[in-house]
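Each reported figure results from applying straightforward, stated rules to the coordinates on display, with no laboratory input. This one's a predicted model, so the numbers in the text were calculated from it and none came from an experiment. Note that each Cβ is placed from the backbone with ideal geometry, even for glycine, and that neighbours are counted across all protein chains shown.
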Amino acid sequence: MRHGRKTIKLQRRADHRNALLSNLVCSLIEHKQIKTTVAKAKAIRPFADRMVTLGKRGDLHARRTAIGYLHSKDSVKELFDKVAPAASHRQGGYTRIIKLGQRPTDSAPMAFIEWVDNAPAEEPAAAQEAALEPVPETKSKAAKTKEKAIEAEPAAE
């Protein structure tokens, strides 16, 4: 009987599947959002949530457990420093899957998986403020040369 056996196999051997899931979670931590197939997105969701839970614990044992799974100290550092504190008010459900439709080449269903607490609103606000500021006029090289020539003429007389 298969009670409690919920491993999504993805048509791979166990070691290949574990490496794939680890790399996908590292990419999710690094890029905040990744585009993958729906099956892989559903497979990495519990692992990503488990890593955020370890990051929320924040102790040495949790950090070593995360390094043992992800095999990337940079990803673990970003997880513990940025991702987990952003999700500190949540009890679970740290990721969201947005279905995109089918891939043109092989019709595989595609999806985005991203952090729920990723704050993309901060970046466009900064871009809007930069757009509102007046841009100083820059003169071309030819215009600068012409100005220098005009300034030099009255001095010669």
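Remarks
- Protection-proxy order for peptides 61-73, 96-108, 12-24, each taking the mean of Cβ atoms within 10 Å per residue, highest first: 61-73, 12-24, 96-108
- Positive minus negative residues near Ala19 (Lys, Arg vs Asp, Glu; Cβ under 15 Å): +4
- Potential lengthening between Val116 and Asp59 on full extension [0.36 nm per residue; Cα-Cα distance subtracted]: 18.2 nm
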